[in-house]
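A quick write-up on the structure given underneath.
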Amino acid sequence: MTTLKITKKHHKHFNNPFPSTPNSPFICGALILNSHKLPSHQIYPIGKDFQLNWSSKNGGFLSISHKSEPTRPLWSTLPGEPFISAAIAETEVEESRGSFVVKDKHVHSLSNNQTIDDIRIINESDKDQLFSSYPLFPVLMITGKVFGVSKRKKKVRFSRRKDSEKENSTCARYWILFDQKECHQVGFQVRIGKTDLELPKRVSRRSYRNFSLKFGRIRRHRGGWFGGLKKSVTVSSLAEEKIVMKSSEEVVNNRICLTYSSEKNEKIFGFGEQFSHMNFKGKRVPIFVQEQGIGRGDQPITFAANLVSYRAGGDWSTTYAPSPFYMTSKMRSMYLEGYDYSVFDLTKDDRIQIQLHGDSLEGRILHGNSPSELIECFTGSTGRPPLLPEWIISGAVVGMQGGTDTVRSIWNEMQRYDVPVSAFWLQDWVGQRETVIGSQLWWNWEADETRYSGWKQLIQDLNKQHIKVMTYCNPCLAPMDKKPNIRRHHFEEAKKLDILVKDKNGELYMVPNTAFDVGMLDLTHPCTANWFKQILQEMVDDGVRGWMADFGEGLPVDACLYSGEDPIAAHNRYPELWAKINREFVDEWKSTHVGKEGEDPEDSLVFFMRAGYRDTPKWAMLFWEGDQMVSWQKNDGIKSAVVGLLSGGLSGYALNHSDIGGYCAVNLPFFKYRRSEELLLRWMELAAFTTVFRTHEGNKPSCNSQFYSNNRTLSHFARLAKVYKAWKFYRVQLVKEASQKGLPICRHLFLHYPEDEHIHSLTYEQFLVGTEILVVPVLDKGRETVKAYFPIGESSSWKHIWTGKLYSTQGSEAWVEAPIGYPAIFVKDGSSVGKTFLEKLREYNVL
C-alpha cells in the first residue's frame, strides 16, 4: 500500500486556473459515560490556579476555568458530544515551487465515538504514572476509549447476489492530561494508544506500521470519515466493552481531533500572519508554512498564475508565517505546541475542531482578561523579539539595485531633498541575472565586485554619513557554473561538506525554486550553522550591518534530513531553525564587538525575515510581509499588507513591515500589474507608520514607479521619511514594549477596545500605532477622503494632526479629507506622545 503520495507539479505549464480546495466536514459521534466511576458533578483542581468542572448533565461535559473567575470557562466541551476522536488515513501532497496542498487519499478507520471511563487527580507522589515531568501538581488525567463502527461493501465475484456488507470496528484507549504550566496557562496533552482494528485483507499490518512511523503526521480529512451518531448514551462499563471489543489487530492512529465549544457571536483572531481576514469564524484554517501565492484570489492575476504554474496563485489561507494560535472576542485563547500539520475548523457556530495529523496532541489554554494580557501570556512562553538597534528605526531604509555608481547617484539626489536615511539595502550585492520572472540574484553569498566596484569603500563612505549598508541572503545555494568572477563557490562547498538536503535515495535534492533549481541547507546538520556563520562573518567584516534572511518556507515534504525527523513536521520548523542561525550569529558578534573600545555602541547587527512559525519571533529580530502585488487589491495588494500587519501583531509577530509599493509586478500581453505612482505614494504614507520604512524596487523595476522616478516621488518620499522620523521617540518605546511584553507596534483596535463590537468587523480600514496614534490610510485608487471610526471606550478626544480638529464622540464615524501627502492621522488630545509628535513634525517642516 502506498502510504504517502507526493505529486511534483514544478514543471507543469498548463494547469487548472481554478484548483479545488480540500474540504472535510466535522467529525461527529457519540459520548458514552462510565456511570460506575464518574460522579454526577465534581470540581477538580489543576495546579494551584485552575480547576476543571465536571457534570454528567445533558450527557456529560467539562469546562476549565481560572480560580479567580470560576464561572468564566476558558475551555469547555459540548454536552453529550465527544471531544476526542481519531483515525488512520493515507495522504496525498501536491507540491510546486514552495506551494503545497494536502489531501486525503484513503481513510482506513475512524474512531468517532468516545467513552469517559475515569477522571482522576494525580499528585506529586503519583508522578511515575505520567508521560513526563510536570512543574505544578496536581495534574488531572481523563481516560477512556475512542471507537468506531463502519460498514464496507464486500464484493462477491461470479455471483448475481448484491454486494454484502461487513462491519469494521476500531477501538483505542486515550489519555488526556491537564496541568498548570504558569500562573495563566494550562497545558494539555492528548495521546491515543494502539488501535484494535479489523483490517481489510488488501492492507497488511506491517504497511500500516511503516505508514504511521514515517508519514503519520500530515493529513486532511475527507467526507468518508464523518457522520455517525450525535446523541449521548450512558451505559455501564460492561455494555461498553461489548460495543467496542470486536477485533484483534493493533495499529497506530495518525489523526487526532479535539472538539470543544464556541459561541455563535464569538469572533476568532490570530493564526499568524494572515493576509485576507481578521475574523476566522466560519472558516477552515490550515497551519502550514508555504509561499503566499501570486494574487491569493484577486483576479485576474490568480487565474493567470495558476494557469502557468500549479497553484502558484495561492488562496486566502496561504501564508509564509502561520501560527497554531488564536484569541477570541470572549477572551478565550489557546495554541498548539509541536510542528505537526493541523487544521482549525471554525465552520460551525457552536464549536471548534482541531484536526491534527499525528498520534499525539499538545497545547496550552491561556487565561487573560484582555487581548493585551493574552498576547503577553502567549509570547511569554513562545518568545519575544530583542531590542532593535536604533539606526534601523531612525530613518528610511533605501532599497536599491544597480551597482556602485547608481547608489552614489541616488544618494546624492536624496541629499538635495534632505531625506533622512538610515541604511541602503542592496539586495543585488551578489550580482544579478535575468530570468523568466524578472531580475533575480545569483544565490552565492559574496559581493560581486564587478557590479559593486569598490564595495568596501562604498560601505565606508556611507558609514561616514551614519548610513549603514544592508544585504541579502537565504538558506538556498545555486550552482555558479555560468557566473564569472566568483571567489567562493558556496554551493560546491556545501555539497562537499554534505550539508545540503537529500532526497529519499540519499542523493542531493535539487529543489525547484522560482526560475531555477537550488540546493537547500540542511539546518539539522551539526556542521551547517558554523559554516553559514562564516559566510555572515565575511559579509559583516566588509562593514555590512544588516541583511534580509529570505525564504525558509520551501522545505520539500519528502526531503531526508540529517536528524532523521519527519520532513513534514520539519517543514514547519525549518523557518525557526533558519532564524535561530542568524540570531545566534548576531548575538555572538554583539558579545565580542559592541561595547568594546573603538566600537560604536549603536553598531549592532539586524536581520529581517518573511517565513515563520509559532516560535520564530523568539529568534527573528524583525519581519517583513513578503511579496505583495503592486496593486490596490484586497487579498494580495496594499490592503493585504495592512491585514498581515495586524493579524501577525495579534499572533506574536510584533515587529513587522512591508515593501513600500509592493513587490510583484506582471508585464504579460494580457495581464499587466505595474506599480503606479499613486499606489507608491499611498504605500509610503502607510509605511511611515510601521516599524521600518523600507523601499523595494520590485521584481521588475523598469515597470514600476520608484521613489526616485521624478521630483514628485522624491519630494513625497522625503516628506514621509520625515513623518516616520518624527515619531521615532515613540517607536523606541514601542520596540522596548514589544521585547518585554510581545505587544506589536501596529495594532488592530480590538487590542485596546475589545468591548466595542463595531471594531470586530474592521480589517484593513484603520489601525493604532501603540495606543496614542490612529492611522486611517487611503487604500483605494483615486480616493481623497476616508471614513474614520472613533472607538467606544476612549475617553480622550482624537485630534486630526493636519487641521487640529477634535473628534470626541465615542462610537462615531466621520469622513476625513486625505489628499496625497496628508494621510488621515489622529493623536489623542492632551497626550504627551501626541504633543511631541506634532512638535517634531513642525521641527522637520512637515506641519
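Looking only at region 371-389, which residues are part of a loop (DSSP other than H, G, I, E, B) and in contact with a helix residue (DSSP H, G or I) (Cβ under 8 Å, 6 or more places away or on another chain)? Show your work before the answer.
Taking region 371-389 first, the residues part of a loop (DSSP other than H, G, I, E, B) are 383-389.
Once the filter is applied, which keeps residues that are part of a loop (DSSP other than H, G, I, E, B) and in contact with a helix residue (DSSP H, G or I) (Cβ under 8 Å, 6 or more places away or on another chain), region 371-389 yields 383, 384, 385, 386, 387, 388.
Listed here are the strands (runs of 3 or more DSSP E) enclosed by region 790-832 that have at least 3 residues being open to solvent by 40 Å² or more (accessible area, probe 1.4 Å): 812-817. Residue 512 satisfies every condition listed in (1) assigned to a helix (DSSP H, G or I); (2) open to solvent by less than 60 Å² (accessible area, probe 1.4 Å) except (1). Considering only residues that are aliphatic (A, V, I, L, M), farther than 20 Å from residue 564 by Cβ and within 26 Å of the chain's Cα centre (by Cα), which ones fall in region 514-535? Those that are aliphatic (A, V, I, L, M), farther than 20 Å from residue 564 by Cβ and within 26 Å of the chain's Cα centre (by Cα): 515, 518. Taking residues in region 454-468 that are farther than 18 Å from residue 605 by Cβ, and partners anywhere that are open to solvent by less than 90 Å² (accessible area, probe 1.4 Å) and part of a helix (DSSP H, G or I), the pairs with Cβ atoms closer than 6 Å and at least 6 places apart or on different chains are 454/404; 458/404. Condition (residue is within 21 Å of residue 566 (Cβ to Cβ), outside any loop (DSSP other than H, G, I, E, B) and open to solvent by less than 50 Å² (accessible area, probe 1.4 Å)) applied to region 472-493: is it met by at least one residue? No, that holds for no residue. Residues of region 291-325 being open to solvent by 10 Å² or more (accessible area, probe 1.4 Å), in contact with a helix residue (DSSP H, G or I) (Cβ under 9 Å, 6 or more places away or on another chain) and more than 21 Å from residue 698 (Cα to Cα), which ones? The answer is 311, 315. Note on region 838-847: residues that are assigned to a helix (DSSP H, G or I) and either in contact with a helix residue (DSSP H, G or I) (Cβ under 6 Å, 6 or more places away or on another chain) or β-branched (Val, Ile, Thr) (or both) total 2.
Please enumerate the residues belonging to region 80-114 that are within 30 Å of residue 550 (Cβ to Cβ) and open to solvent by 20 Å² or more (accessible area, probe 1.4 Å).
Residues of region 80-114 within 30 Å of residue 550 (Cβ to Cβ): 91-103.
If the condition is that a residue be within 30 Å of residue 550 (Cβ to Cβ) and open to solvent by 20 Å² or more (accessible area, probe 1.4 Å), then 92, 97, 103 are the ones that fit.
All of 719, 731 fail the test of being farther than 24 Å from residue 294 by Cα, open to solvent by 10 Å² or more (accessible area, probe 1.4 Å) and not in a loop (DSSP other than H, G, I, E, B), apart from 719.
So that you can scan it fast, the table gives a plain yes or no per residue for (1) in contact with a strand residue (DSSP E or B) (Cβ under 7 Å, 6 or more places away or on another chain); (2) open to solvent by less than 10 Å² (accessible area, probe 1.4 Å); (3) under 30 Å from residue 5 (Cβ atoms); (4) of a type in the set (Val, Ile, Thr):
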| residue | (1), (2), (3), (4) |
| --- | --- |
| 534 | no, no, no, no |
| 556 | yes, yes, yes, no |
| 561 | no, no, yes, no |
| 579 | yes, yes, no, no |
| 583 | no, no, no, no |
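Within region 638-685, the set of residues being without any contact (Cβ under 8 Å) to a residue 40 or more places away in the chain, assigned to a strand (DSSP E or B) and surrounded by 24 or more Cβ atoms within 10 Å (Cβ to Cβ) is empty. Name the residues in region 76-103 that are out of contact with any helix residue (DSSP H, G or I) (no Cβ under 8 Å at 6 or more places or on another chain), under 30 Å from residue 33 (Cβ atoms) and of a type outside the set (A, V, I, L, M), would you? Scanning region 76-103 gives 76, 77, 82, 83, 85. Residues considered: 403, 380, 338. Of these, the only one that is surrounded by fewer than 18 Cβ atoms within 10 Å (Cβ to Cβ), on the phi > 0 side of the Ramachandran plot and modelled with pLDDT of 95 or more is 338. For region 443-458, filtered to residues that are part of a helix (DSSP H, G or I) and open to solvent by less than 10 Å² (accessible area, probe 1.4 Å), the residue that is farthest from residue 414 (Cα to Cα) is 455. On inspection, residue 422 fails the criterion of being at pLDDT 95 or above and out of contact with any helix residue (DSSP H, G or I) (no Cβ under 7 Å at 6 or more places or on another chain).
The residues of region 512-535 that are closer than 23 Å to residue 322 by Cβ and touching a Cys at 6+ places or on another chain (Cβ under 8 Å), listed by number, are 513, 520, 521. For residue 407, state whether it is assigned to a strand (DSSP E or B), in contact with a Phe, Trp or Tyr (Cβ under 9 Å, 6 or more places away or on another chain) and β-branched (Val, Ile, Thr). So residue 407 does not fit the description; no. Residues that are surrounded by 20 or more Cβ atoms within 10 Å (Cβ to Cβ), at positive phi and in contact (Cβ under 8 Å) with a residue 40 or more places away in the chain do occur in region 53-62, at least one of them. Applying the criterion of being open to solvent by 10 Å² or more (accessible area, probe 1.4 Å) and either under 19 Å from the mean Cα position of the chain (by Cα) or among the β-branched types (Val, Ile, Thr) (or both) to the residues of region 349-371, the residue that is nearest to residue 565 (Cα to Cα) is 362.
Taking the criterion of being in a loop (DSSP other than H, G, I, E, B), touching a Lys or Arg at 6+ places or on another chain (Cβ under 7 Å) and under 14 Å from residue 351 (Cα atoms), the residues of region 265-287 that qualify are 266, 267, 281. Once region 436-460 is narrowed to residues that are of a type in the set (S, T, N, Q) and under 17 Å from residue 476 (Cα atoms), the residue that is nearest to the chain's Cα centre (by Cα) is 440. Would you mention how many residues in region 745-784 are open to solvent by less than 50 Å² (accessible area, probe 1.4 Å), farther than 22 Å from residue 377 by Cα and assigned to a helix (DSSP H, G or I)? Count: 1. No other residue among 408, 433 is farther than 24 Å from residue 605 by Cα and either of a type in the set (Lys, Arg) or more than 22 Å from the chain's Cα centre (by Cα) (or both) apart from 433. Given the structure, is residue 742 modelled with pLDDT of 95 or more, open to solvent by 10 Å² or more (accessible area, probe 1.4 Å) and among the small types (Gly, Ala, Ser)? Here the answer is no, as residue 742 does not meet what is asked. Going through (1) at pLDDT 95 or above; (2) in contact with a helix residue (DSSP H, G or I) (Cβ under 6 Å, 6 or more places away or on another chain); (3) of a type outside the set (S, T, N, Q) one by one, residue 177 falls short only on (2).
Does residue 538 count as under 30 Å from residue 12 (Cβ atoms), out of contact with any Cys (no Cβ under 6 Å at 6 or more places or on another chain), open to solvent by 60 Å² or more (accessible area, probe 1.4 Å) and at pLDDT 95 or above? Break it down stepwise before answering.
Details: under 30 Å from residue 12 (Cβ atoms): no; out of contact with any Cys (no Cβ under 6 Å at 6 or more places or on another chain): yes; open to solvent by 60 Å² or more (accessible area, probe 1.4 Å): yes; at pLDDT 95 or above: yes.
No: the conditions fail for residue 538.
The values are calculated or read from the model by the stated rules, or taken from the named source; none is laboratory data. Keep in mind the model is a prediction, meaning the values are calculated, not measured. Cβ sites come from the backbone with ideal geometry, for glycine too, and all protein chains shown count toward neighbours. Heads up: the accessible areas ignore ligands, DNA and RNA and are worked out on the full protein's heavy atoms, side chains in. Shrake-Rupley method; radii C 1.70, N 1.55, O 1.52, S 1.80 Å.
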